[in-house]
1. Just checking, which of 302, 254, 263 is at pLDDT below 95, among the polar types (S, T, N, Q) and touching a Cys at 6+ places or on another chain (Cβ under 7 Å)?
2. Taking segment 228-279, which residues are in contact (Cβ under 8 Å) with a residue 12 or more places away in the chain and basic (Lys, Arg)?
3. If we only count strands (runs of 3 or more DSSP E) wholly inside segment 195-266, which ones have 2 or more residues that are surrounded by fewer than 21 Cβ atoms within 10 Å (Cβ to Cβ) and in the same structural domain as residue 149 (by TED's automatic domain parsing)?
4. Consider only pairs whose beta carbons are under 6 Å apart and that are at least six residues apart or on different chains; among these, list those whose first residue lies in segment 130-145 and is surrounded by 11 or more Cβ atoms within 10 Å (Cβ to Cβ) and whose second residue is outside any loop (DSSP other than H, G, I, E, B) and not hydroxyl-bearing (Ser, Thr, Tyr).
5. Which pairs do you get when a residue that is farther than 16 Å from residue 196 by Cβ and modelled with pLDDT of 95 or more, found in segment 1-24, comes within reach of a residue that is among the hydroxyl-bearing types (Ser, Thr, Tyr) and not in a helix (DSSP H, G or I), reach meaning Cβ atoms under 6 angstrom, with the pair 6+ apart or on two chains?
6. Restricting attention to segment 171-184, does a residue exist that is under 15 Å from residue 243 (Cα atoms), of a type in the set (A, V, I, L, M, F, W, C) and at pLDDT below 95?
7. Please verify whether residue 284 is crowded, with 18+ Cβ neighbours inside 10 Å and out of contact with any helix residue (DSSP H, G or I) (no Cβ under 7 Å at 6 or more places or on another chain), treating the condition exactly as stated.
Amino acid sequence: MNSEDLVIVEALDDGTLYAAPSLIQEMFTYPYLEDAFLLVSYDCLGNPTGYIPVGINNDSKFMSYIPAIPPSAPVCPTYTPGATNVLRSIEKLVSGDYIYFDVDVVANTELSTQEETASAICLPLEKYLQHLSSSRRKDIRRKLKQSSQLNVEAGCLEDVLAAWPWMKAVWQRRNQYDIDHVNRVLSWLNVIEQSGRGCLKIDKYMLNGKMVGVNCCVLHYFHGTLHCDDYLTWFDAKHASGLGIVSAVNNLSNPAYQGARYNLGLPGFYGKTFDGHEYKWDVIPKSLRLTQSIVNIKLGNNAGEVSFDCI
């Protein structure tokens, strides 16, 4: 991020988590995000009114990482300041690459389509279970009962690192292993923690005094609404099988977060579900799922080829 970018980011900083200059800088360091730049909108006086960090991926397509551990699709529907102004001010919204925005932020128009997310409003366990089929309800109750032998303790980022070998083994079996992934995850979460704008809620699941799994969420406010972003659950499959489902249900039904928006990391995007992430759809039934608005925008080969209208 150059000095001009930094001036814009700092000028529009509204105090929300994903407006923190350090997080925008972290987005720019992602290795597969080439030629990163800020897509900026301006008013008629030339003052910036919003920005979206974008870059070019390995398929030569523009992508935006708002806001997520790259290269995931957005974990939660909160955006960099004035992002909606950027979309409104692009001269032509035509077929192009996907940028995700929450339906509550960007109105549903003929230029956008709606996609379900693995997000829901937190609610009491029994009310949540009422939305499930009888067979699914029975399965969830069974998994929760099995997990009752596990004790939950407060953890830290060192516990996330200690849990990585379990997930590394899983990813290797799926031929998805990325040796640098854990470092990017820890770097991103550390920047969030250091920003002071979000709280890491790290739960260690213990069995006989030993950690067998860890769940990491980020708690933060976005324009008055508490968001619980569920980033990861890594566990020892030999001792805590099904912990991904259990931890998600525990977070969604946590009495401390009733009425908050729970955002479980997207199970996939562009119509594809990631292997092993199907449970994320199952945990949040269709009747509870919130949506995001997908706006297709066509960009030129560089920021200078994007046209804007005064707003």
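1. Values: 302 fails: touching a Cys at 6+ places or on another chain (Cβ under 7 Å); 254 fails: at pLDDT below 95.
Checking each option against the conditions leaves just 263.
2. Listed by number, the list holds a single entry, 261.
3. On the way: elements: 199-207, 210-222, 225-235, 261-264.
Answer list for segment 195-266: 199-207, 210-222, 225-235.
4. Partner pairs satisfying both residue conditions: 137/129; 143/245; 143/246.
5. 8/51
6. To start, the set of residues in segment 171-184 that are under 15 Å from residue 243 (Cα atoms) comprises none.
No, every residue in segment 171-184 fails to be under 15 Å from residue 243 (Cα atoms), of a type in the set (A, V, I, L, M, F, W, C) and at pLDDT below 95.
7. Spelling it out, residue 284 is indeed crowded, with 18+ Cβ neighbours inside 10 Å and out of contact with any helix residue (DSSP H, G or I) (no Cβ under 7 Å at 6 or more places or on another chain).
The values are calculated or read from the model by the stated rules, or taken from the named source; none is laboratory data. Just so it is clear, the structure is predicted and the values come from calculations on it, not from any experiment. Don't worry about glycine lacking a Cβ; one is built from the backbone with ideal geometry, like all the others, and counts go over all protein chains shown.
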